[in-house]
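Below is one structure, written out as C-alpha cells, with a few remarks after it.
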Amino acid sequence: MVNEKMYGLGSARSAIRELFEFGKRRAAEIGADKVYDFSLGNPSVEPPKEVNEAIVSILKEFGSKDVHGYSSAQGFLSTRKAVADKLNRENNTNISPDYIYMTAGAAAGLCIAVRALNEDKDEFIILAPYFPEYKVFIEAQGAKVVEVPCDASLNIDVKAFAAAITKNTKGVIINSPNNPSGKVYDQKTIKAICDILESKSKEFGSPIFVISDEPYRELVYSNTILPSILSMYDNTIICYSYSKSLSIPGDRIGYLAVSDRCYGKDKVYAAINGAGRALGYVCAPTLFQLVIERCIDAKTNIFDYDKNRTLLYENLTNIGYDCLKPDGAFYLFVKSLEKDSIAFCERAKNSGILIVPSDSFGVKGYARIAYCVDYNTIERSLPAFKELFDSYKK
C-alpha cells in the first residue's frame with residue numbers, strides 16, 4: 001500500500017526529535033522549570049538586527065509579487081552573486097554566480113548534491129561522529145552509505161578513511177565544525193584527507209567529490225582556525241545553511257556552491273539543477289533570498305554561545321565529568337558515566353536532563369549536550385548534573 005521504508009522513517013522520529021517531543025510533554029507534566037532540554041540544535045540567540053531590518057525594508061520597497069512570487073529555479077541572480085562574491089573573498093576562489101544554487105536549508109542541499117552525483121552502485125562516505133540524517137539523505141537517493149569510525153580522540157581516523165575508499169566511492173561528507181562533537185578538524189587532518197582523495201581519484205580514474213556541510217562555519221571559538229576545504233580540494237561542493245549563522249532555522253534558506261576548479265563543473269552544476277527539479281527543491285523562499293542578499297556579512301552573536309560553552313564545560317568538568325571542549329558549533333560531547341550511553345541518557349531524565357546518546361551519531365559512550373539555550377537554563381541545570389553524577393556513586 002505504501003513504501004515501507006518511508007513508512008518506517010515517518011512512523012519513528014529521530015532520537016533527537018523524539019527527545020525534544022518528550023521534553024515538551026514532560027514540561028507540561030512537572031513544569032518547564034524542572035526540565036533542562038539540551039536535545040535540539042535550535043539557535044537561542046536573536047537573529048542579527050540586520051535580518052529584521054532587511055525584512056521590513058524589503059516589504060516596503062518591493063511589490064508583493066516580487067517578494068512572494070517565484071524566483072528562477074536556482075535562485076535570484078543577485079542573491080547568487082552576493083553568495084559567490086563572499087565565497088571568493090573568503091576562499092581566494094573565482095566562483096561564478098552560475099555555480100550557486102539556492103536551497104531551502106542544508107538538508108535540501110545535501111539531498112540535491114547526493115542525487116546529482118549518484119550513479120549505479122555509488123558509495124558515499126560519512127565520518128563518525130556524524131549527523132544521523134546523513135544516512136537517511138544518502139539512502140533516499142539510492143546510494144550506499146559507508147561509515148568510517150573516528151579515532152579515540154574523536155578525530156578523523158585518516159588510515160581508516162583511506163581504507164574505506166573503493167572504486168565505487170563517489171563522495172565524502174565532511175562536517176566541520178562538527179555536529180555532534182563541536183570539533184574543528186585542523187589543517188593537517190584536512191590536508192591529509194584531500195591528499196588521499198586526490199591519490200585515490202587518480203588510482204581509480206574518476207573524481208571523488210567532497211560535500212562540505214558547513215552550517216556552523218561562523219561558529220568558531222577563541223583562536224581556532226577553520227581550514228577552507230574549498231581552497232584545498234578542487235572537487236568540492238559546499239552545502240551551506242543560514243539557520244545557525246543568522247539564527248533563522250525556520251526560514252529554510254541556504255545554498256550549494258560548486259568549486260570553480262571542480263572537474264566537469266558545468267555537468268555537475270547541471271546535474272544539481274536536475275536533481276533540484278526531480279526532488280521538487282526549486283525556487284528557495286524568495287523573501288529570504290532577498291534577506292540574505294542584504295545580510296550577507298551579518299554575524300550572529302557568538303559571544304553568548306561562548307559564555308554558555310564556558311559555563312557548561314567548566315562546571316561539568318569540576319563536577320567530575322569527562323568532556324570534550326568544543327572548538328565550534330554549540331554542542332558539547334560528555335563521556336557517559338556507564339558503558340551504555342542510551343541507559344545513561346535515560347537515567348539523566350530522572351534529573352530532568354534531556355541529552356542525546358551518541359549511538360545515533362556513530363559513536364558509543366558519549367552524550368550530546370546542545371547548549372544553544374538560555375544562560376540561566378544552564379545555571380539552573382547544574383545541580384541536576386551534580387545529582388546525576390552522584391547517583392553513580394551509590
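So, in region 32-51, of the ones that are surrounded by fewer than 16 Cβ atoms within 10 Å (Cβ to Cβ) and modelled with pLDDT under 90, which residue ends up nearest to Val334 (Cα to Cα)? In this case the residue turns out to be Lys34. Scanning region 211-241 for residues that are in contact with a Cys (Cβ under 8 Å, 6 or more places away or on another chain) and either hydrophobic (A, V, I, L, M, F, W, C) or farther than 24 Å from Ala192 by Cβ (or both), we see that the one that is surrounded by the most Cβ atoms within 10 Å (Cβ to Cβ) is Ile237. Does at least one position in region 74-84 carry a residue that is at pLDDT 95 or above, closer than 25 Å to Ala108 by Cα and among the β-branched types (Val, Ile, Thr)? Yes, that holds for at least one residue. Within region 254-276, the set of residues being in a helix (DSSP H, G or I) and touching a residue at least 24 places away in the same chain (Cβ under 8 Å) comprises Lys265, Val268, Tyr269, Ala271, Ile272, Asn273, Gly274, Ala275, Gly276. For Val145, the conditions (1) in a loop (DSSP other than H, G, I, E, B); (2) surrounded by 15 or more Cβ atoms within 10 Å (Cβ to Cβ); (3) at negative phi all hold with the exception of (1).
Scanning region 283-304 for residues that are in a loop (DSSP other than H, G, I, E, B) and either touching a Leu at 6+ places or on another chain (Cβ under 8 Å) or surrounded by 21 or more Cβ atoms within 10 Å (Cβ to Cβ) (or both) gives Ala284, Cys295, Ala298, Thr300. Here Leu290 clears all of (1) within 23 Å of Phe137 (Cβ to Cβ); (2) aliphatic (A, V, I, L, M); (3) out of contact with any Lys or Arg (no Cβ under 7 Å at 6 or more places or on another chain) except the condition numbered (1). Please tell me if Ile196 is outside any loop (DSSP other than H, G, I, E, B), among the aliphatic types (A, V, I, L, M) and closer than 21 Å to Gly109 by Cβ. Considered against the rule, which asks whether it is outside any loop (DSSP other than H, G, I, E, B), among the aliphatic types (A, V, I, L, M) and closer than 21 Å to Gly109 by Cβ, Ile196 comes out as no.
When the test is whether a residue is of a type in the set (Asp, Glu), free of Cβ contacts under 8 Å to residues at least 40 places away in the same chain and surrounded by fewer than 18 Cβ atoms within 10 Å (Cβ to Cβ), Asp322 passes it. Residues in region 52-100 that are touching a Lys or Arg at 6+ places or on another chain (Cβ under 9 Å), in contact (Cβ under 8 Å) with a residue 12 or more places away in the chain and assigned to a helix (DSSP H, G or I): Ala54, Ser57, Ile58, Ala82, Pro97, Asp98, Tyr99. For region 326-348, the set of residues classified as among the basic types (Lys, Arg) and without any contact (Cβ under 8 Å) to a residue 40 or more places away in the chain consists of Lys335, Lys339, listed by residue number.
The values are calculated or read from the model by the stated rules, or taken from the named source; none is laboratory data. Please read all numbers here as calculations on a predicted model, not as lab measurements. Cβ coordinates were reconstructed from backbone atoms using ideal geometry, including for glycine residues, and neighbour counts include every protein chain displayed.
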